[in-house]
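Trainee: Quick one: the structure is below, and I'll ask about it shortly.
The values are calculated or read from the model by the stated rules, or taken from the named source; none is laboratory data. Owing to the predicted nature of the structure, the values given are computational and were not obtained by experimental measurement. Neighbour counts run over all protein chains shown; Cβ positions are idealised from the backbone, glycine included.
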Amino acid sequence: MSDTGGPEIAFDAQRLAGEASADVAADTHSFPIESPAPPPPDLTAAAFFDVDNTLVHGSSLVHFARGLAAREYFTYKDLARFALAQAKFQLTGRESSEDVAAGRRKALSFIEGRSTAELVELGEEIYDEIIADKIWPGTRELAQMHLDAGQQVWLVTATPFELADTIARRLGLTGALGTVAESVDGVFTGRLVGDILHGTGKAHAVRSLAIREGLNLRRCTAYSDSFNDVPMLSLVGTAVAINPDADLRDIARQRGWEIRDFRTARKAARIGVPSALALGAAGGALAAVVSRRQER
């Protein structure tokens, strides 16, 4: 469960959140099987995508709340609060700590005592009704490029794992790293495992998953819109800023990271295919010889 103590406790909660997210993701995922002729696997490279404002226009959790409000799970007052948070997020590209804390309290009170299956079912319905139309086509194309190169593609988000996993499955991605809510016998307790998967927690999750999957982080790529995700972006060999907030845009320029902005007709600093993909099939084949995914 989550604590609100000093820096060491906060760090432990973030690490626990990351490790729990990696455990759930690794135990759940399987490669998409829709393609009759999948590309040869590139076993040591992967792509990690933030969700909110990177893959999905706006906040996926707020979109989920809209769907719940339509089903009368929330009051109109709650919906107005969610709408205000979304407006602030879309205008600034950031979520305030107060909004995050309030959203966490509301989300935990909502899921306490409900079955995990119910949340999955609601996520499926609301994805079809709302979220599917909010996917940034440009980001979706980037994800597909990694899939076409035989690489794993993971979502990494503060959104609850069940919703994040639904988005990943619907897009044909490998899986998702999301916030893990504690459950016992298929029923949510109303507590988190660690904390929200945010900031350094995402970096812990990516590192933990890389160990489980036998990934070489120097051959991996990460995408995000938020300065809060610099720890994750700094962990991999190739970082790409998508629809970046002002702080992330500045640090991307300082570090020479690629910048892509799908919010306007102008695609900022589009520099072809991300360099992780430019390694080509030869690099992937060589890596496959010297490193095999760890068996679970």
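Trainee: Filter the stretch 207-248 down to residues that are small (Gly, Ala, Ser) and assigned to a helix (DSSP H, G or I) and give me whichever is nearest to Thr174 (Cα to Cα).
Mentor: Residue satisfying both the conditions and the ranking: Ala210.
Trainee: Pick from the stretch 23-65 the residues that are within 16 Å of Pro137 (Cα to Cα) and charged (D, E, K, R): which of them is modelled with the highest pLDDT?
Mentor: The extreme case among them is Asp50.
Trainee: Can you name the residue in the stretch 160-178 that is farther than 16 Å from Tyr223 by Cα and not in a helix (DSSP H, G or I) and is also modelled with the lowest pLDDT among such residues?
Mentor: Selected residue: Pro160.
Trainee: Test Leu68 against the stated conditions and say whether it is out of contact with any Gly (no Cβ under 8 Å at 6 or more places or on another chain), at pLDDT 85 or above and assigned to a helix (DSSP H, G or I).
Mentor: yes
Trainee: Filtering the stretch 41-65 down to residues that are of a type in the set (Ser, Thr, Tyr) and part of a loop (DSSP other than H, G, I, E, B), which residue is surrounded by the most Cβ atoms within 10 Å (Cβ to Cβ)?
Mentor: Restricting to residues being of a type in the set (Ser, Thr, Tyr) and part of a loop (DSSP other than H, G, I, E, B), the top hit is Thr54.
Trainee: Are any residues in the stretch 210-238 more than 15 Å from His198 (Cβ to Cβ) and touching a His at 6+ places or on another chain (Cβ under 8 Å), and if so, which ones?
Mentor: Once the filter is applied, which keeps residues that are more than 15 Å from His198 (Cβ to Cβ) and touching a His at 6+ places or on another chain (Cβ under 8 Å), the stretch 210-238 yields only Thr221.
Trainee: Between Asn243, Asn216, which is polar (S, T, N, Q), farther than 30 Å from Gly113 by Cβ, modelled with pLDDT of 95 or more and buried (at least 24 other Cβ atoms within 10 Å of the Cβ)?
Mentor: Asn243
Trainee: Residues being free of Cβ contacts under 8 Å to residues at least 24 places away in the same chain and over 19 Å from the mean Cα position of the chain (by Cα): count how many of those fall in the stretch 167-191.
Mentor: 2
Trainee: Look through His198, His204 and report the one residue that is out of contact with any Leu (no Cβ under 8 Å at 6 or more places or on another chain), modelled with pLDDT under 95, crowded, with 17+ Cβ neighbours inside 10 Å and not in a strand (DSSP E or B).
Mentor: One residue alone meets the criteria, His198.
Trainee: Is it true that Leu155 is buried (at least 18 other Cβ atoms within 10 Å of the Cβ) and part of a strand (DSSP E or B)?
Mentor: Yes, satisfied.
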